[in-house]
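Structure first, commentary second.
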Amino acid sequence: MSNMSITTAHVYTDNRTEADQDEAKVSIIPENVGVKCQGKYFISKSNPFGYAADTLLFSGAGIDFYNGDEWMHFLNREDFTFNPASILDTGDALEYGTDYYIYLCFSGINPELCVSKNATYPNGFSALTSRKIGFFHYGAVRKVSDDGKWIPIDSNGNKFGSQGTIWEQNVTKGVIPNSVGDLKNHPRTYMPGMAKVGNSWVCIYPMSVKETVTFMDDTNGLHVANGALKSAYGALPVTGTEGLNQYNFNELAWMQEMRLTHYAEWLAAAFGSPQGLDNSDNYGWTKKTNTARTFTGCSVDTASGQYSINGVKPFAVSAHNICDCTGNVWEWQDDYCIRQDTTSWQWYDVLGAKMGQAYLPNDIGLAAFLCGGRWHDGVWCGPRTVNLFHWPWHVNISIGARFACDAA
């Protein structure tokens, strides 16, 4: 932990009624009180395109803090850098594929920063003595141009170059720069394992099961009754194997106040992912001999889902540090088109029991976009790959999804 250069500016006088204070105590954590900074954020990666160090930059900011009895205001007047690994509440190294949270903590009136895997408060502190002020994900990072255009480069700095380490393989690990967020710069709905792409926050990994999904009348593909999904490293992506069709992924997304990616949004997130290979899993889980989905993320052990230096898909990450856009499982999009293979417009009872009917040119006449490719599609997989064959009520074991949401 570290005191850095944060100073206490003043302590507010609290004139709230007893009822107001009770309400404040219920919502102590922290996103419910004020913060000010000069720009759009106050925590960022200090040298996002340098890759040599995982230091973060804390810029000038004023942060309100309620300790259960009184309001305090902490003011940082200077920009300073800090190494998050050096102020962990436990351990001394960041773990691959893991989310971390940055806390402003205090003992008495002395402020300090602490980094923790705990999403509530760090070890050694409580909800009354800490405020979550930021977050980041540690994992695969593709090296890109430093001109703000996020173009993949080779090790000599050439855009889409083939000198030294070719651009497709110019991947390292570290604090993902566009996963760093704070109380000003964050997704509208926070979910662990996200990174910012343009003005959207996109799940770094295809969705996997957080809570078991169940269905209306216990029938796959009908309305979701219960369940939740997550973006996590080393997890099996959820697909039709768990009974989900595109409608179900849509339902789970809005239940968690998120959405399926749009095709244009997915293209931005997948930009800079190498095309898949027929005879190798280096650039994605795409080899023609693969027979099923595998664990999410780069350099993953297919037996355990743990990080391994010899793991598969070491380079399966986009310029915006979004993993598994190429291969593993198809990803449903929030886009539709009409399939006019034949034209016999009429009502078709295809949507599922008690779901109504669809007036279409044929019984599979509505298609939902799919992106990326699946586990044995080889060179067909890539950052623009799209499939317009599958209908949204189709439950298919090779089709999963990825969530996104707007920036706050």
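Over the alpha carbons of region 304-353, what is the largest minus smallest coordinate on each principal axis, giving the biggest first in Å?
Cα extents, longest axis first: 55, 27, 17 Å.
Using a 1.4 Å probe, what is the accessible area per residue for the chain, in Å²? Present the calculation step by step, with values, prior to reporting the outcome.
Details: 17480 Å² over 408 residues.
I get 43 Å² per residue for this part.
Looking only at Ala232, Ala140, Ala127, which one moves most when the chain is put into a Gaussian network model with springs between Cα atoms under 10 Å?
So, out of Ala232, Ala140, Ala127, the one fluctuating most is Ala127.
List every residue whose amide H lies under 5 Å from the amide H of Asn321, counting only residues 5 or more places away in sequence or on a different chain, with H placed 1.01 Å from N in the peptide plane.
Distant-sequence amide H within range of Asn321: Arg142.
Hey, in the GNM for the chain with a 10 angstrom Cα cutoff, which one of Thr172, Thr294, Thr239 fluctuates hardest?
Result: Thr172 has the largest fluctuation of those listed.
Quick one: Debye curve from the alpha-carbon atoms of region 75-186 only, equal weights, vacuum; give me log10 I(q)/I(0) at q = 0.12, 0.17, 0.18, 0.22 Å⁻¹ to two decimals.
For region 75-186 at q = 0.12, 0.17, 0.18, 0.22 Å⁻¹, log10 I(q)/I(0) is -0.54, -0.87, -0.93, -1.16.
Where the centroid of each part is defined by its Cα atoms, how far is region 105-140 from region 254-309 in Å?
Cα centroid of region 105-140 versus Cα centroid of region 254-309: 32 Å apart.
If you average 1/r over all unlike Cα pairs in the chain and invert the result, what Kirkwood radius do you get in angstrom?
On the way: mean 1/r = 0.0441 Å⁻¹.
That comes to 22.7 Å for the chain.
What order do you get for 392-403, 38-49, 326-337 when each peptide is scored by the mean count of other beta carbon atoms within 10 Å, highest first? Before the final figure, lay out the partial values.
Values: 392-403: 22.4, 38-49: 17.3, 326-337: 25.0.
Final packing ranking: 326-337, 392-403, 38-49.
So what's region 346-387 giving for Cα Rg divided by 2.2 N^0.38 Å, two decimals?
Numbers: Rg = 15.0 Å, N = 42, 2.2 N^0.38 = 9.1 Å.
The value comes to 1.65.
Take the chain, connect every pair of alpha-carbon atoms lying under 10 Å apart with a spring to form a Gaussian network, then pick out the residue of Ala228, Ala85, Ala303 with the largest mean-square fluctuation.
Sorting by GNM fluctuation, first place goes to Ala303.
For the chain, give the magnitude of the charge dipole about the Cα centre (Cβ charges: +1 Lys/Arg, -1 Asp/Glu; no others), in debye to the nearest 20.
On the way: 29 positive and 41 negative charges, 199 e Å.
Roughly 960 debye, rounded to the nearest 20.
Rounded if a/c is under 1.5, else prolate if a/b is larger than b/c, else oblate: which is region 125-221, with a ≥ b ≥ c the root eigenvalues of its Cα gyration tensor? Could the numbers behind the result be given before it?
Values: a/c = 2.68, a/b = 1.48, b/c = 1.81.
Oblate, since a/c reaches 1.5 and b/c is not below a/b.
What part of the accessible area of the chain, given as a whole %, is carbon or sulfur when the probe is 1.4 angstrom? Write down the numbers at each step before the final one.
Details: 8490 of 17480 Å².
C and S atoms contribute 49 percent here.
Packing-wise, with mean Cβ within 10 Å as the measure, how do 276-282, 345-351 rank, highest first? Working shown, then result.
Numbers: 276-282: 18.4, 345-351: 13.7.
Descending packing order for the listed peptides: 276-282, 345-351.
Take the cross-link list Lys45/Lys149; Lys173/Lys210; Lys40/Lys117; Lys36/Lys132; Lys143/Lys313; Lys45/Lys196 and give me the ones stretching past 19 Å between alpha-carbons. Mind dumping the intermediate values first?
On the way: Lys45/Lys149 17 Å; Lys173/Lys210 25 Å; Lys40/Lys117 25 Å; Lys36/Lys132 15 Å; Lys143/Lys313 16 Å; Lys45/Lys196 13 Å.
Exceeds cut-off: Lys173/Lys210; Lys40/Lys117.
The values are calculated or read from the model by the stated rules, or taken from the named source; none is laboratory data. Predicted model only: the values in this text are computed from it and were never measured. We place every Cβ from the backbone using ideal geometry, glycine too, and count neighbours over all the protein chains shown. Remember, those area values only see protein heavy atoms, side chains included, never the ligands or the DNA or RNA. Shrake-Rupley method; radii C 1.70, N 1.55, O 1.52, S 1.80 Å.
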